[in-house]
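A quick write-up on the structure given underneath.
Each value in this text was obtained by applying a stated rule to the coordinates, not by laboratory testing. Just so we're clear, the structure is a prediction, and the values are computed from it rather than from any experiment. Ideal geometry is used to build each Cβ from the backbone, glycine not excepted, and the neighbour counts take in all protein chains shown.
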Amino acid sequence: MQAAAQGMHIQTLWPEAIVIYPQGLPTVGIVDPQGVQPGWQHKAGDYGDRDLKLFDAMLATMRQQYSVDEKRIYSTGFSNGAGFTYLLWSVRGNVLAAIAECAGRLSPSDHPTEPRAVLAIAGQADTTNPFALQQQSIETDRQVDNATGPGQSCGQYCTFYPSSTQTPVKTLIHPGGHVYPQWAPAAIAEFLKAHQRP
């Protein structure tokens, strides 16, 4: 969580927001088949839904301690954390306003149904979480979000897919690998700020 807080630093880019960096527990994953490093559950039911329960508990605590804008609850993550963000969209989509994920993808068991704005950051040279699989997730994002029309260029690496339900999909496809680009935090903060729960 310390590394995420330093690398993502959403709190410095959006000081008005309540930003939480939870600590994951040891989890079997693509880059950690032994499950000795912190991570997040991949699909509903994994590990007794420990991480979904943590999300629910964190949100309940925030509602008790702060004035939470119910139309502005978001999730973002990198790699395994991006996968968990996708899981949250699938099973807690009624709570979230938007998601921003980097180098992640939907698990085959994830089926989001609530249209929510999505920012997807992916590296074309990613072999850890293969780019082709990330592209498949982006196509699913567009279907769920009613953003199936042609994309509009919105800058370097950037394509914007408007949505008939005001839940657009924005992609930032860079030439790199399985990385969290230095420009990602600002792009994520800007995107999330622009979207409230429909």
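Of note:
- Gained length - Gln166 relative to Asp56, 0.36 nm times residue gap less alpha-carbon distance: 37.0 nm
- Rh (Kirkwood; distinct C-alpha pairs) - the stretch 1-91, Å: 14.1 Å
- When Thr148, Thr159 are arranged by Cβ crowding within 10 Å, least crowded first, meaning fewest neighbours, the order is Thr148, Thr159.
- Label-to-label distance, Tyr21 versus Gln143, with points set 7 angstrom from Cα along the beta-carbon direction: 3.6 nm.
- Stretch gain in nm, segment Ser153-Arg63, where the contour uses 0.36 nm per residue and the Cα spacing is subtracted: 28.6 nm
- Applying a 4.7 Å Cβ-Cβ cutoff to the chain leaves Cys102 as cysteine residues with no disulfide-compatible partner.
- Given charges at Cβ of Lys, Arg, Asp, Glu: the chain dipole, positive-most of Val68, Thr128, Thr140: Val68
- A Förster radius of 45 Å combined with the Cβ-Cβ distance from Lys71 to Ile30 puts the calculated FRET efficiency at roughly 0.85.
- Relative contact order for the chain: 19 percent, from Cα pairs under 8 Å spaced at least 6 residues apart, divided by residue count.
- With the gyration tensor restricted to C-alpha atoms of the stretch 25-65, the semi-axes of the equivalent ellipsoid amount to 25, 11, 6 Å, longest first.
- For Leu119, residues with placed amide H under 5 Å, excluding near neighbours: Ile99, Ala100, Glu101, Lys170
- Among Asp51, Asp32, Asp110: highest mean-square fluctuation, GNM of the chain, C-alpha pairs under 10 Å: Asp32
- Binned Cα-Cα distance frequencies in the chain - 10 Å width, integer %: 9, 38, 40, 12, 0
- Structure-based [θ]222 nm, the chain - -39500 (n - 2.57) summed over DSSP H runs of at least 4, per residue, nearest 500: -9500 deg cm²/dmol
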